[in-house]
Amino acid sequence: MDFFDSEENVNQYIKMAEGFDGRELIKILKNHLPPGKTVLELGMGPGTDLDLLAGDFQVSGSDRSEIFVNRYLNQHPGADVRLLDAVTIATDDSFNCIYSNKVLHHLTRNELIQSIERQSEVLNPGGLVMHSFWRGDKEEIIEGMRFRYYLEQQLDKLFAQYFKILDIQQYTEMEAGDSVYLLGRILSHK
Ligand SMILES: C[S@@+](CC[C@H](N)C(=O)[O-])C[C@H]1O[C@@H](n2cnc3c(N)ncnc32)[C@H](O)[C@@H]1O
């Protein structure tokens, strides 16, 4: 069972994440993605960023945890929210942007490579990715959850096969420079 497949862990996460959101990332994204475009969020969790993104874009939320998906649907009946794994992204739909905030660090490096390739398939021509990670150069397992940290140059290398890197910057979530975001535009449509 995954960490976020427990009601108790989901409740604990929601409490811990109170006061944190991706508004700074979304502000940067808005400089590159025109209003009204479609955005798929991977690993939406409680949906805080999905609500912010919905202010400007046509959003689809997703998560691998049924608990998060069902809770959001109960609170927002009719919302476009799906059960999706960020590795396989099993959808026939395509999007102008794929967004995630502190999600892809849960994947192994190989799963991240698989996800990046799949993202390039799911995006429309000219599509964007905006993803945040915890910054560093290590991997640890905490309460059964993987945390794979990345430095800017490692992310650049991983995404550059499919994406032109528009921006990679470190930023602060809880402690100075503890996070990094990557904004990229698809190189060509396969
Ligand atoms: C640290 S939480 C971040 C949630 C949300 N993005 C936020 O900023 O509050 C990580 C989220 O990623 C989801 N997740 C983890 N692995 C995933 C995967 N392989 N595919 C999709 N979602 C995943 C978890 O269920 C959880 O909702």
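Read-outs: derived from the displayed coordinates by stated rules, not from any lab. Bear in mind the structure is a predicted one, so any value in this text is a computation, not a measurement. A quick note on method: Cβ atoms are made from the backbone with ideal geometry, for glycine too, and the neighbour counts reach across all protein chains shown.
For segment 9-107, chymotrypsin sites (Phe, Trp or Tyr not before Pro) meeting the loop criterion (DSSP other than H, G, I, E, B) and having at most 14 other Cβ atoms within 10 Å: F20. Inverting the pair-averaged 1/r between distinct Cα atoms of segment 18-91 gives 12.6 Å as its Kirkwood hydrodynamic radius. I need the Debye-formula profile for segment 1-57: one equal scatterer per C-alpha, no solvent, reported as log10 I(q)/I(0) at q = 0.13, 0.20, 0.26, 0.29 1/Å, two decimals. Taken in order of the listed q values, log10 I(q)/I(0) reads -0.41, -0.78, -1.06, -1.22. Distance between the modelled labels on S188 and Q75, one decimal in nanometres: 4.3 nm (7 Å Cα→Cβ projection). Net length available on complete extension from Q58 to I14 is 13.4 nm, with 0.36 nm assigned per residue and the Cα-Cα distance removed.
Viscosity 1.306 mPa s, temperature 10 °C: Stokes-Einstein D of the chain from its Kirkwood Cα radius, in µm² per second? Estimated diffusion coefficient is 95 µm²/s. In a DSSP loop and with at most 12 other Cβ atoms within 10 Å, the trypsin sites (Lys or Arg not before Pro) in segment 58-160 are K138.
For F163, the amide hydrogen comes within under 5 Å of the amide hydrogens of L187, counting only partners 5 or more places away or on other chains and with H modelled in the peptide plane.
Less than 5 angstrom separates the built amide H of R82 from those of G61, S62, D63, all sequence-distant by 5 or more or on a different chain.
Suppose the chain between L166 and L83 were pulled fully straight at 0.36 nm per residue; how much longer would it get relative to their current alpha carbon spacing? The L166-L83 span can extend by a further 27.0 nm.
For the chain, DSSP calls about 55 percent of its internal beta bridges antiparallel. From helices alone, the chain scores -8500 deg cm²/dmol at 222 nm; the rule is -39500 (n - 2.57) for each run of n ≥ 4 DSSP H residues, then divide by the residue total.
Taking GluC sites (Glu not before Pro) as exposed when DSSP calls them loop and at most 10 other C-beta atoms lie within 10 angstrom, the chain has its longest site-free stretch at 19-142. The lysine pair tally for the chain, using Cα distances under 17 Å and a gap of 8 or more places or different chains, is 6. Considering only I113, V103, T91, the residue lying farthest towards the positive end of the dipole of segment 85-139 is V103, judged by Cα position with unit charges set on Cβ.
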